[in-house]
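To start, the structure under review is shown below, and the notes come after it.
The values are calculated or read from the model by the stated rules, or taken from the named source; none is laboratory data. Predicted model, so just to flag it, every value in this text is computed and none were measured. Cβ atoms come from the backbone with ideal geometry, glycine included; neighbour counts cover every protein chain shown. Just the protein is used for accessible areas: all its heavy atoms, side chains included, with ligands, DNA and RNA removed. Shrake-Rupley method; radii C 1.70, N 1.55, O 1.52, S 1.80 Å.
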Amino acid sequence: MILLLVMLTACAATPQDLSGKMFIFPQQTNTARVRLTASTQRFVAVTVCHRSFTDLKRDHILFSLATPSSANGFLIFWFEENKGIAPHVKNRMTEYKGWDYKSNMWHSICTTWDSESELVQLWFDGQPSIKKFISSGSIISGSTIIILGQEQDSHGGGFDSKQCFVGMMSDVHMWNHTLSPCEIQKYMDELNFTPGNVLNWSALEFQITGRVLIEDKQKNCD
Ligand SMILES: *[C@@H]1O[C@H](CO)[C@@H](O)[C@H](O)[C@H]1NC(C)=O
Ligand SMILES: *[C@@H]1O[C@H](CO)[C@@H](O)[C@H](O)[C@H]1NC(C)=O
Ligand SMILES: [Ca+2]
């Protein structure tokens with residue numbers, strides 16, 4: 001039954017509304033992943049937001065976008081040693097250290113970047129970081145491959161099970177502009193916000209490879 005569901009999902013080419021749902025990555029592999037289809041391949045600026053729930057105590061990937069020229073085209077990575085979230089843009093990176101990324105609860109992370117100022121900023125559970133310079137140069141362009149669950153060391157491949165994501169992910173959105181702090185706050189608080197115009201969780205085109213499942217997000221009973 002579950003296998004059938006996975007197969008049906010894997011074949012679906014039309015966008016699906018994943019509101020109230022989550023992807024489950026239930027085991028450490030170097031194969032299980034979700035490939036997301038973006039509505040555009042040219043980014044003057046980027047905002048990516050997602051929620052994750054894990055008990056990993058090691059480095060892991062949160063969001064991996066590769067182009068032919070940059071495996072780390074736009075990448076969000078967790079470094080366990082420094083409790084650091086590291087945005088990468090066009091193979092350059094910066095690290096924000098010391099976040100309280102507790103196990104077994106949802107965390108909301110948004111990252112913004114624009115090619116004009118070359119500044120990145122991230123929000124972690126509602127709290128903004130400082131803005132930092134990444135020497136990223138020009139816009140992100142070229143054939144884009146976006147993957148959840150695995151980190152791309154090459155365009156669409158080069159996965160390492162020691163960097164894979166194990167846990168749940170939900171509410172993945174991407175925009176080709178930077179969101180205002182108010183819009184980000186609305187996302188963080190799970191209020192009404194304008195969905196991503198590049199990746200829209202309410203109309204997501206994706207393809208599952210390996211053991212990744214879709215289930216309703218647990219809600220607290222009140
Ligand atoms: C953002 O993407 C949309 C289509 O998805 C496009 O119409 C718009 O021009 C893009 N904006 C920028 C700033 O690239
Ligand atoms: C996101 O998807 C929902 C559901 O299909 C749709 O109503 C909404 O207009 C979409 N938003 C954007 C920005 O594409
Ligand atoms: Ca890697």
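Observations on the structure shown:
- Index of the failed condition, Arg211 passing every other in (1) open to solvent by 50 Å² or more (accessible area, probe 1.4 Å); (2) within 16 Å of ligand 2 (Cβ to nearest atom); (3) assigned to a loop (DSSP other than H, G, I, E, B): (2)
Quick grid of which residues meet (1) within 16 Å of ligand 1 (Cβ to nearest atom); (2) in contact with a strand residue (DSSP E or B) (Cβ under 8 Å, 6 or more places away or on another chain); (3) under 16 Å from Leu65 (Cα atoms):
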| residue | (1), (2), (3) |
| --- | --- |
| Trp113 | yes, yes, yes |
| Gly137 | no, no, no |
| Phe159 | no, yes, yes |
| Gln163 | no, yes, yes |
| Ile184 | no, yes, no |
| Pro195 | yes, yes, no |
| Ala203 | yes, yes, no |
| Val212 | no, yes, no |
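- Scan the range 190-222 for residues that are modelled with pLDDT of 95 or more and among the charged types (D, E, K, R) and the total you get is 4.
- Meets criteria (more than 14 Å from ligand 1 (Cβ to nearest atom), within 18 Å of the chain's Cα centre (by Cα) and acidic (Asp, Glu)) for Asp171: yes
- So Ser136, is it assigned to a loop (DSSP other than H, G, I, E, B) and loosely packed, with under 15 Cβ neighbours inside 10 Å: no
- Here is the figure for the range 29-83: residues that are within 16 Å of ligand 1 (Cβ to nearest atom), under 18 Å from Thr209 (Cα atoms), outside any strand (DSSP E or B) and hydrophobic (A, V, I, L, M, F, W, C) total 1.
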